[in-house]
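Q: Please find one structure pasted underneath; my questions will follow.
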Amino acid sequence: KYNENLKFWRLDTLPFIPNEFKYEVIPQVEKQFEIIKNLFQRDDIDTIYVSTDSGREGEYIYRLVDQMIGTHNKTKKRVWIDSQTEEEILRGINEAKDLAEYDSLSNSAYLRAKEDYLIGINFSRLLSIIFGKKLAQEINEEKASISIGRVMTCVLGMIVSREREIRN
């Protein structure tokens, strides 16, 4: 989506750091996205209660949806609850805070997502270019790519450490 030339993995296209991060609605959620978009754009709705999971990931998902819809002229409040009981949900709605109070959480979520993307796309390409052919030969495949990611890399590191402990 950024540049057709990036479809081919080459060292001279690294590092890839876009000036603008592009987002798109994936086909699997397009129907649900359209339902939410229609609700957000209704004239008879003046307040949106953000009730995604409490935390960085939930905040990120809502902000992406809102960004893609381009919601304007609506009051936006954040519902923060600790359980799914009716009492807790009503408390959360009654005590909902202005969404702007969670901008730091949103900024943190965007930064983490961008970091994950940049680490994944750049290091996966780099290591696949350098070591992919050798790996493919080792596993008797025509091609091999190496996936790198913040969470994946840590988990694999833990597995390798544990395997070494077992062997020793």
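Q: From the set of residues in the stretch 19-37 that are among the charged types (D, E, K, R) and touching a residue at least 12 places away in the same chain (Cβ under 8 Å), which is least open to solvent (accessible area, probe 1.4 Å)?
A: Ranking the candidates gives K37 first.
Q: Just to be sure I understand, how many residues within the stretch 72-129 are over 12 Å from E59 (Cα atoms) and aromatic (F, W, Y)?
A: 2
Q: Looking only at the stretch 19-38, filter to residues that are hydrophobic (A, V, I, L, M, F, W, C) and not in a helix (DSSP H, G or I); which one of those is farthest from S124 (Cα to Cα)?
A: Among those residues, the one meeting the criterion is V25.
Q: Starting from residues that are among the β-branched types (V, I, T), part of a helix (DSSP H, G or I) and farther than 24 Å from L64 by Cβ, keep the ones in the stretch 115-152 and report whichever is farthest from the chain's Cα centre (by Cα).
A: Applying the filter and picking the extreme gives I130.
Q: List the number of the failed condition for I69; all other conditions in (1) of a type in the set (A, V, I, L, M); (2) in contact with a helix residue (DSSP H, G or I) (Cβ under 6 Å, 6 or more places away or on another chain); (3) touching a residue at least 40 places away in the same chain (Cβ under 8 Å) hold.
A: Here I69 clears every test but (3).
Q: Within the stretch 46-64, is even one residue assigned to a helix (DSSP H, G or I), of a type outside the set (S, T, Y) and more than 29 Å from M152 (Cα to Cα)?
A: No: zero hits.
Q: Now a separate question. Which of the residues belonging to the stretch 77-114 are open to solvent by 40 Å² or more (accessible area, probe 1.4 Å), touching a residue at least 24 places away in the same chain (Cβ under 8 Å), charged (D, E, K, R) and not in a helix (DSSP H, G or I)?
A: Once the filter is applied, which keeps residues that are open to solvent by 40 Å² or more (accessible area, probe 1.4 Å), touching a residue at least 24 places away in the same chain (Cβ under 8 Å), charged (D, E, K, R) and not in a helix (DSSP H, G or I), the stretch 77-114 yields K77, D82.
Q: Does the stretch 10-18 contain any residue that is among the charged types (D, E, K, R), part of a loop (DSSP other than H, G, I, E, B) and in contact (Cβ under 8 Å) with a residue 40 or more places away in the chain?
A: Scanning the stretch 10-18, I find at least one residue that is among the charged types (D, E, K, R), part of a loop (DSSP other than H, G, I, E, B) and in contact (Cβ under 8 Å) with a residue 40 or more places away in the chain, so the answer is yes.
Q: While we're on this one: Which of the residues that make up the stretch 42-70 are more than 20 Å from the chain's Cα centre (by Cα) and of a type in the set (S, T, Y)?
A: T47, Y49
Q: In the stretch 45-64, what residues are open to solvent by less than 40 Å² (accessible area, probe 1.4 Å), in contact with a Phe, Trp or Tyr (Cβ under 7 Å, 6 or more places away or on another chain) and farther than 14 Å from D98 by Cα?
A: Y60, L64
A quick yes/no check of all residues on (1) touching a residue at least 24 places away in the same chain (Cβ under 8 Å); (2) open to solvent by 80 Å² or more (accessible area, probe 1.4 Å); (3) in contact with a helix residue (DSSP H, G or I) (Cβ under 9 Å, 6 or more places away or on another chain); (4) on the phi > 0 side of the Ramachandran plot:
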site	(1), (2), (3), (4)
I129	yes, no, yes, no
E141	no, yes, yes, no
G157	no, no, no, no
E165	no, yes, no, no
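The values are calculated or read from the model by the stated rules, or taken from the named source; none is laboratory data. Keep in mind it's a predicted model, so treat the numbers as computed, not measured. Ideal geometry is used to build each Cβ from the backbone, glycine not excepted, and the neighbour counts take in all protein chains shown. The protein model used for the area step is the full one, side chains on, heavy atoms only, and it has no ligands, DNA or RNA in it. Shrake-Rupley method; radii C 1.70, N 1.55, O 1.52, S 1.80 Å.
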